[in-house]
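Colleague: Below is a structure I'd like to ask you about.
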Amino acid sequence: MLAVGSTLGTLGFEGAVDVFGPGVTNTLYVLHKTGGVLLLGLMAVRIVARLKYGRPHYAIPIEHRAQRVLSEAVHGLLYIGLIAMPVLGWAATATGGYPINFFQWVLPPLMGENESLSAVLFQLHGLLGWALIGLLILHISGGLYHWLIRKDGVMTRMSLLRSPRRG
Ligand code: HEM
(Lines give C-alpha, C1' and ligand atoms only; values in the text may rest on other atoms or scores of the structure.)
Protein backbone atom coordinates (compact mmCIF):
# COMPACT_ATOMS: atom_id res chain seq x y z
CA MET A 1 0.00 0.00 0.00
CA LEU A 2 2.79 2.41 0.93
CA ALA A 3 4.86 1.61 -2.15
CA VAL A 4 2.02 1.87 -4.68
CA GLY A 5 0.50 4.91 -2.90
CA SER A 6 3.83 6.75 -2.82
CA THR A 7 4.45 5.98 -6.50
CA LEU A 8 1.03 7.36 -7.47
CA GLY A 9 1.31 10.32 -5.07
CA THR A 10 4.78 11.27 -6.37
CA LEU A 11 4.00 10.90 -10.07
CA GLY A 12 0.37 12.08 -9.97
CA PHE A 13 -2.16 10.66 -12.43
CA GLU A 14 -0.64 12.22 -15.58
CA GLY A 15 2.92 11.37 -14.53
CA ALA A 16 1.91 7.77 -13.84
CA VAL A 17 0.25 7.53 -17.29
CA ASP A 18 3.49 8.83 -18.89
CA VAL A 19 5.58 6.20 -17.06
CA PHE A 20 3.28 3.15 -16.98
CA GLY A 21 0.64 3.85 -19.63
CA PRO A 22 -3.10 4.26 -18.95
CA GLY A 23 -3.94 0.57 -18.40
CA VAL A 24 -1.32 -0.10 -15.73
CA THR A 25 -1.98 3.28 -14.06
CA ASN A 26 -5.66 2.49 -13.78
CA THR A 27 -4.87 -0.96 -12.36
CA LEU A 28 -2.50 0.56 -9.78
CA TYR A 29 -5.19 3.02 -8.61
CA VAL A 30 -7.80 0.25 -8.40
CA LEU A 31 -5.36 -2.07 -6.58
CA HIS A 32 -4.42 0.67 -4.10
CA LYS A 33 -8.02 1.58 -3.31
CA THR A 34 -9.15 -2.07 -3.13
CA GLY A 35 -6.24 -2.94 -0.81
CA GLY A 36 -7.04 0.05 1.42
CA VAL A 37 -10.72 -0.86 1.73
CA LEU A 38 -9.77 -4.50 2.49
CA LEU A 39 -7.32 -3.29 5.12
CA LEU A 40 -10.02 -1.16 6.72
CA GLY A 41 -12.27 -4.24 6.91
CA LEU A 42 -9.45 -6.36 8.38
CA MET A 43 -8.75 -3.69 11.00
CA ALA A 44 -12.46 -3.69 11.94
CA VAL A 45 -12.36 -7.51 12.36
CA ARG A 46 -9.19 -7.21 14.40
CA ILE A 47 -10.63 -4.59 16.73
CA VAL A 48 -13.82 -6.63 17.27
CA ALA A 49 -11.69 -9.75 17.98
CA ARG A 50 -9.49 -7.83 20.37
CA LEU A 51 -12.49 -6.42 22.25
CA LYS A 52 -14.05 -9.88 22.44
CA TYR A 53 -11.00 -12.02 23.25
CA GLY A 54 -8.54 -9.52 24.74
CA ARG A 55 -4.90 -9.72 23.75
CA PRO A 56 -2.23 -12.32 24.51
CA HIS A 57 -0.10 -11.75 27.61
CA TYR A 58 3.46 -10.59 27.16
CA ALA A 59 5.60 -13.70 26.61
CA ILE A 60 8.43 -12.41 28.79
CA PRO A 61 8.62 -9.83 31.53
CA ILE A 62 9.65 -6.45 30.16
CA GLU A 63 12.47 -5.17 32.30
CA HIS A 64 12.44 -1.51 31.42
CA ARG A 65 9.35 0.64 31.79
CA ALA A 66 10.49 2.75 28.83
CA GLN A 67 10.49 -0.37 26.63
CA ARG A 68 6.94 -1.19 27.61
CA VAL A 69 5.77 2.40 27.02
CA LEU A 70 7.49 2.43 23.60
CA SER A 71 6.07 -0.98 22.65
CA GLU A 72 2.51 -0.05 23.67
CA ALA A 73 2.76 3.38 22.03
CA VAL A 74 3.92 1.88 18.71
CA HIS A 75 1.14 -0.74 18.77
CA GLY A 76 -1.52 1.86 19.68
CA LEU A 77 -0.34 4.27 16.99
CA LEU A 78 -0.28 1.45 14.41
CA TYR A 79 -3.94 0.75 15.19
CA ILE A 80 -4.84 4.45 14.86
CA GLY A 81 -2.74 4.86 11.71
CA LEU A 82 -4.16 1.78 9.98
CA ILE A 83 -7.71 2.99 10.59
CA ALA A 84 -7.07 6.67 9.82
CA MET A 85 -5.10 5.97 6.62
CA PRO A 86 -7.84 4.17 4.63
CA VAL A 87 -10.54 6.47 6.06
CA LEU A 88 -8.55 9.51 4.87
CA GLY A 89 -7.88 7.85 1.50
CA TRP A 90 -11.59 7.12 1.09
CA ALA A 91 -12.63 10.65 2.14
CA ALA A 92 -9.98 12.32 -0.06
CA THR A 93 -10.98 10.22 -3.07
CA ALA A 94 -14.73 10.74 -2.52
CA THR A 95 -14.51 14.52 -2.00
CA GLY A 96 -12.28 14.71 -5.09
CA GLY A 97 -15.11 13.16 -7.11
CA TYR A 98 -13.11 10.01 -7.92
CA PRO A 99 -14.54 6.48 -7.69
CA ILE A 100 -14.02 4.29 -4.59
CA ASN A 101 -13.03 1.14 -6.47
CA PHE A 102 -13.29 -2.22 -4.74
CA PHE A 103 -12.27 -4.96 -7.15
CA GLN A 104 -14.69 -4.52 -10.08
CA TRP A 105 -17.26 -2.60 -8.02
CA VAL A 106 -17.58 1.07 -7.11
CA LEU A 107 -18.56 1.72 -3.49
CA PRO A 108 -20.74 4.68 -2.47
CA PRO A 109 -18.63 7.79 -1.83
CA LEU A 110 -20.45 8.65 1.45
CA MET A 111 -19.29 12.29 1.06
CA GLY A 112 -20.12 15.08 -1.37
CA GLU A 113 -17.56 16.59 -3.75
CA ASN A 114 -15.39 19.37 -2.30
CA GLU A 115 -12.18 20.04 -4.19
CA SER A 116 -10.35 22.09 -1.54
CA LEU A 117 -11.24 19.62 1.23
CA SER A 118 -10.03 16.78 -1.00
CA ALA A 119 -6.65 18.51 -1.46
CA VAL A 120 -6.22 18.87 2.33
CA LEU A 121 -7.28 15.24 2.93
CA PHE A 122 -4.84 13.94 0.28
CA GLN A 123 -2.10 15.97 1.96
CA LEU A 124 -2.96 14.38 5.33
CA HIS A 125 -3.06 10.94 3.62
CA GLY A 126 0.51 11.57 2.39
CA LEU A 127 1.77 12.89 5.76
CA LEU A 128 0.28 9.96 7.64
CA GLY A 129 2.04 7.69 5.13
CA TRP A 130 5.39 9.03 6.39
CA ALA A 131 4.29 8.56 10.00
CA LEU A 132 3.34 4.94 9.18
CA ILE A 133 6.77 4.35 7.62
CA GLY A 134 8.34 5.62 10.88
CA LEU A 135 6.11 3.34 12.97
CA LEU A 136 6.89 0.36 10.72
CA ILE A 137 10.62 0.98 11.15
CA LEU A 138 10.20 1.10 14.95
CA HIS A 139 7.99 -2.02 14.91
CA ILE A 140 10.39 -4.05 12.75
CA SER A 141 13.40 -2.82 14.77
CA GLY A 142 11.65 -4.04 17.94
CA GLY A 143 11.10 -7.48 16.38
CA LEU A 144 14.73 -7.70 15.21
CA TYR A 145 15.97 -6.60 18.65
CA HIS A 146 14.05 -9.49 20.28
CA TRP A 147 15.16 -11.94 17.61
CA LEU A 148 18.84 -11.11 17.20
CA ILE A 149 19.86 -9.43 20.46
CA ARG A 150 17.55 -10.64 23.24
CA LYS A 151 16.91 -14.05 21.61
CA ASP A 152 13.89 -14.38 23.90
CA GLY A 153 11.38 -16.18 21.67
CA VAL A 154 9.15 -13.14 21.01
CA MET A 155 9.65 -13.44 17.23
CA THR A 156 8.99 -17.22 17.35
CA ARG A 157 5.64 -16.43 18.99
CA MET A 158 4.61 -14.58 15.82
CA SER A 159 5.67 -17.44 13.53
CA LEU A 160 3.12 -19.81 12.03
CA LEU A 161 5.65 -22.61 12.70
CA ARG A 162 5.74 -21.92 16.44
CA SER A 163 5.49 -24.80 18.87
CA PRO A 164 1.98 -24.85 20.41
CA ARG A 165 3.42 -24.98 23.94
CA ARG A 166 5.00 -21.59 23.53
CA GLY A 167 1.59 -20.00 22.96
C1 HEM B 1 -3.78 1.56 4.90
C2 HEM B 1 -4.28 1.99 3.77
C3 HEM B 1 -3.57 2.98 2.88
C4 HEM B 1 -2.25 3.34 2.82
C5 HEM B 1 -1.10 2.84 3.69
C6 HEM B 1 -2.14 4.34 1.78
C7 HEM B 1 -0.95 4.98 1.45
C8 HEM B 1 -0.85 5.98 0.51
C9 HEM B 1 0.32 6.80 0.29
C10 HEM B 1 1.62 6.74 1.10
C11 HEM B 1 0.05 7.63 -0.74
C12 HEM B 1 0.96 8.71 -1.35
C13 HEM B 1 0.51 10.06 -0.85
C14 HEM B 1 1.36 11.19 -1.40
O15 HEM B 1 2.57 11.03 -1.52
O16 HEM B 1 0.79 12.25 -1.70
C17 HEM B 1 -1.28 7.32 -1.21
C18 HEM B 1 -1.91 7.92 -2.30
C19 HEM B 1 -3.22 7.68 -2.67
N20 HEM B 1 -4.15 6.96 -1.96
FE21 HEM B 1 -3.77 5.76 -0.37
N22 HEM B 1 -3.37 4.53 1.21
C23 HEM B 1 -4.28 3.74 1.86
C24 HEM B 1 -5.63 3.65 1.60
C25 HEM B 1 -6.30 4.30 0.58
C26 HEM B 1 -7.70 4.16 0.29
C27 HEM B 1 -8.70 3.29 1.06
C28 HEM B 1 -7.96 4.95 -0.80
C29 HEM B 1 -9.24 5.20 -1.55
C30 HEM B 1 -10.32 4.45 -1.48
C31 HEM B 1 -6.70 5.57 -1.19
C32 HEM B 1 -6.54 6.42 -2.26
C33 HEM B 1 -5.35 7.00 -2.65
C34 HEM B 1 -5.16 7.76 -3.87
C35 HEM B 1 -6.24 8.02 -4.93
C36 HEM B 1 -3.82 8.18 -3.87
C37 HEM B 1 -3.09 8.94 -4.98
C38 HEM B 1 -3.21 10.41 -4.85
C39 HEM B 1 -2.60 11.08 -6.08
O40 HEM B 1 -2.82 10.61 -7.20
O41 HEM B 1 -1.93 12.09 -5.85
N42 HEM B 1 -5.72 5.16 -0.32
N43 HEM B 1 -1.81 6.33 -0.42
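The values are calculated or read from the model by the stated rules, or taken from the named source; none is laboratory data. Worth saying up front: this structure is predicted, and the values here are computed from it rather than measured. For neighbour counting, all protein chains shown are included, and Cβ atoms are generated from backbone atoms with ideal geometry for every residue, glycine included. Areas reflect the complete protein model, heavy atoms only, side chains present, ligands, DNA and RNA absent. Shrake-Rupley method; radii C 1.70, N 1.55, O 1.52, S 1.80 Å.
Colleague: Given a 1.4 angstrom probe, what's the average accessible area per residue across segment 2-166, in square angstrom?
Modeller: 69
Colleague: Leaving out ligands, DNA and RNA, what percent of the accessible area of the chain is carbon and sulfur, probe 1.4 Å?
Modeller: That share works out to 69 percent.
Colleague: Probe 1.4 Å, all protein chains in place: accessible area of residue 103 in Å², nearest 10?
Modeller: The accessible area of residue 103 comes to roughly 110 Å².
Colleague: If we count GluC sites (Glu not before Pro) as exposed when they sit in a DSSP loop and have at most 15 other beta carbons within 10 Å, what is the longest stretch of the chain that avoids them all?
Modeller: 1-62
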